[in-house]
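The values are calculated or read from the model by the stated rules, or taken from the named source; none is laboratory data. Keep in mind that what you see is a predicted model, and the values were worked out from it rather than measured. Here the Cβ is made from the backbone with ideal geometry for all residues, glycine too, and neighbour counts use every protein chain on show. Just so you know, the surface numbers come from the protein's heavy atoms only, side chains and all, with ligands and any DNA or RNA stripped out. Shrake-Rupley method; radii C 1.70, N 1.55, O 1.52, S 1.80 Å.
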Amino acid sequence: MNIGIIGFGGMGKTHAYAVENLKYFYSELPFEARIKGVCCAHFENAQEAVRRFGFEKAYESEEELISDPDIDIVDICTPNIYHYDTLKAAIKAGKHIYCEKPLCTSARQAAEIAALAKSAGVSGGIVFNTRFLLPVMRAAELAAEGRLGDILSFAGRFYHSSAADPNRRAGWKQDRNVCGGGVLFDLGSHSIDLIRMLCGEFKSVSGLSQIAYSKRLGTDGKMWNTNADEAFYMTVRLKCGACGTIAVGKIMQGTNDDHTFEIYGTRGSVKFDLMDPNFLYFYDGDKPEKERGFTRIECCGRYPAPSGVFPGQKAPVGWLRGHVGSMYSFLEHVYRGATPSPSFDDAAAVQLIMEKAYESDRRGGLRLEI
Ligand SMILES: NC(=O)c1ccc[n+]([C@@H]2O[C@H](COP(=O)([O-])OP(=O)(O)OC[C@H]3O[C@@H](n4cnc5c(N)ncnc54)[C@H](O)[C@@H]3O)[C@@H](O)[C@H]2O)c1
């Protein structure tokens, strides 16, 4: 499978790393996949990527990349506002697509893309990479086995400190005109996805946005009015009746990649922290009272076959590992002709939730049905 990456910033490189390292992490790969080429906003950057990383081709435009008959998969790693047009063009050309989150910038667009991909018979995968970290996979297993019982309550949180310094210039993720939203799109999409995957479908949301620093310097060095949420807080009711909160932000001093969840059920509870990614914390309420307490379940590198051999079962995992897992899962589904999971349907569901949260915030926190 030949992959063409559009946008070669942080995530373009991350995806290339994932593809190029699959063979180390998974023995006996049933398919071959490689990055054929890349396209960037500026052709010189694509040429530089080819020189540095040894890809075959620098494309002058995304049209050239998408129309290349050798390209089987289009991998979209551009700022959010560009995803929709690229998705449409790639679907029209019959290419499979691996797209960074959020899929689009509106629920209408996301639903349209999910439907178009389906009717064109192309595989569409969204990058919710945290799903592929072992503690998250183990939490999903425990939930599916009924070890948590009925979910009653949860808290999802994703905190960064990248906007905590008021003197730091705004990037495109702080600009609603390029990001399409604010931190809710950027970090909230991941948090919502995990709660939805582990606890169930959303019934209603209430949202509250926060801009702590209303002015900062823009990328051009001129004073810029912050137009995108720097933090976002949601209260959520799920269809199963569980209630909880999701809080995301980039103004939290002392945080790094602090992505956490806590899920409380009638039989047990789980806790996860991306900064402590080798462990899942599980409280088994079925244990005799004197033996109860959170157990730190070791997850480390114990991925199921055909993985787990490299870099070893004991080896601590890192964030990049989730991307390797995500890429493998996507390619393996494409190879089998199966719908990738998470899919564009998952992406569209998350997009709708975010849109309702924003609408709720605009309407003074009014609780809205999904
Ligand atoms: N899943 C994750 O862990 C994760 C983490 C960060 C970002 N993201 C998502 O990845 C996407 C990219 O984010 P990033 O952090 O890599 O951004 P980035 O700014 O590092 O890179 C974006 C790249 O896109 C290029 N670009 C911009 N417009 C383009 C165009 N019209 N055609 C081709 N290339 C273009 C830029 O030159 C740049 O190389 C976003 O959708 C973001 O939400 C996902």
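What the table shows:
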quantity	calculated
Long-range neighbours under 7 Å by Cβ, at least six apart or interchain, first residue touching a residue at least 12 places away in the same chain (Cβ under 8 Å) and within 24 Å of GLU359 (Cα to Cα) within the stretch 220-236, second open to solvent by 60 Å² or more (accessible area, probe 1.4 Å) and not in a strand (DSSP E or B)	THR226/ILE211; THR226/TYR213; THR226/SER214; ASN227/ARG176; ALA228/ARG176; ASP229/ILE211; GLU230/ILE211; GLU230/TYR213
Per-region count, the stretch 120-162, residues more than 20 Å from the chain's Cα centre (by Cα) and in contact (Cβ under 8 Å) with a residue 40 or more places away in the chain	10
Strands (runs of 3 or more DSSP E) enclosed by the stretch 180-289 - at least 1 residues per element that are of a type in the set (Phe, Trp, Tyr) and open to solvent by 20 Å² or more (accessible area, probe 1.4 Å)	223-225, 231-238, 258-265, 279-284
Within the stretch 1-43, considering residues that are in a strand (DSSP E or B) and either among the aromatic types (Phe, Trp, Tyr) or away from the ligand (no atom under 16 Å from the Cβ) (or both), the one least open to solvent (accessible area, probe 1.4 Å)	ASN2
Matching option when the condition is within 13 Å of the ligand (Cβ to nearest atom) and closer than 29 Å to LEU274 by Cα, among THR86, THR130	THR130
Residue that is among the hydroxyl-bearing types (Ser, Thr, Tyr), part of a loop (DSSP other than H, G, I, E, B) and within 18 Å of the chain's Cα centre (by Cα), where the choices are SER341, SER307, SER326	SER341
Residues being within 16 Å of the ligand (Cβ to nearest atom) and surrounded by 22 or more Cβ atoms within 10 Å (Cβ to Cβ) - total across the stretch 324-339	6
Single condition ARG51 does not satisfy, out of (1) away from the ligand (no atom under 12 Å from the Cβ); (2) within 28 Å of ALA110 (Cβ to Cβ)	(2)
Flag for GLY318 being under 30 Å from ASN2 (Cα atoms), within 24 Å of the chain's Cα centre (by Cα) and of a type outside the set (D, E, K, R)	yes
Counted residues, the stretch 220-272 - those being polar (S, T, N, Q) and more than 21 Å from the chain's Cα centre (by Cα)	6
Residue match in the stretch 109-120 (condition: within 16 Å of the ligand (Cβ to nearest atom), at pLDDT 95 or above, over 30 Å from GLY308 (Cα atoms) and open to solvent by 20 Å² or more (accessible area, probe 1.4 Å))	yes
